[in-house]
């Protein structure tokens, strides 16, 4: 790698590192580019050489972390494939979200159509590619969970929407203050176990109502 390229990458990484640090200390939507530049030890104009807007910076953080999270889930599944893999992956995904609530907020922002419409084309394409990769991985998990019941791509997508809705509901519940005010409070670990079981039961129930797709010929 040329020295100029190495220096560019170092600055790029420094900006992202500074953003993660600042977003954990103050509301991420109030952190300014000037504050990011100061924390990264570079000029404000240099930040814009790497990211044309704060939206692009948000997108880069979400894309990079989402890719890392997906790789962790793939490795978890590969280590112990089988009927219980879906449950382990769901629990790990919850843990990933709980570990970085700021990222969850940014993911929710980046998932909005209006937000993505403002992004440059390369970022839009990366989000589409990321979504396809998650869909492909989800289809692999379903193949193990549903005991050989084969589903079409459209069917897998519809089931994934249901799982996504459950995840969004869990994070909204946690963000609203948890469960201490419930008449019958429950520990977070137990709550996530019940939700994971509910998701898998729902997937199996819904899949049973869908036609079994034929196995493609060799």
Fill in: Interatomic Cα distance distribution for the stretch 1-51, bins of 10 angstrom, percent
27, 53, 17, 3
Fill in: Contour excess over end-to-end distance, with Cα ends at residue 208 and residue 10 and 0.36 nm allotted per residue
66.2 nm
Fill in: Computed Kirkwood radius, in angstrom, where 1/r is averaged over Cα pairs of the chain
19.6 Å
Discussion item. Taking the 0 to 90 degree range and rounding to the nearest ten, how far is the long axis of helix 101-110 tilted relative to the main principal axis of the chain, both from C-alpha atoms?
Written reply: 90 degrees
Worksheet entry | Degrees separating the helix 188-208 axis from the principal Cα axis of the chain, which is the longest one | 60 degrees
Response to the item:
Once residue 190 and residue 63 are pulled to full extension, the length gained, defined as 0.36 nm per residue separation minus their Cα-Cα distance, is 42.7 nm
Worksheet item: Can you give me the Cα centroid spacing of the stretch 6-25 and the stretch 38-92 in angstrom?
Response: 14 Å
Worksheet item: Any idea what the relative contact order of the chain is, in percent, if you count C-alpha pairs under 8 Å spaced at least 6 apart?
Response: 19 percent
Worksheet item: Considering the alpha-carbon set of the stretch 97-218 alone, what are its Rg and its Dmax in angstrom?
Response: 17.4, 57
Worksheet item: What is the helix-to-structure angle for 54-79, meaning the angle in degrees between its Cα long axis and the longest Cα principal axis of the chain, kept from 0 to 90 and rounded to the nearest 10?
Response: 40 degrees
Practice prompt. State, to one decimal in nm, how far the label point of residue 84 lies from the label point of residue 102, with both points 7 Å from Cα in the Cβ direction.
Written response: 3.6 nm
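Every number here is computed from the coordinates shown, using simple stated rules; none is lab data. Since the model is a prediction, treat every value here as computed from it, not as a measurement. Note: ideal-geometry Cβ built from the backbone for every residue, glycine included; neighbour counts use all protein chains shown.
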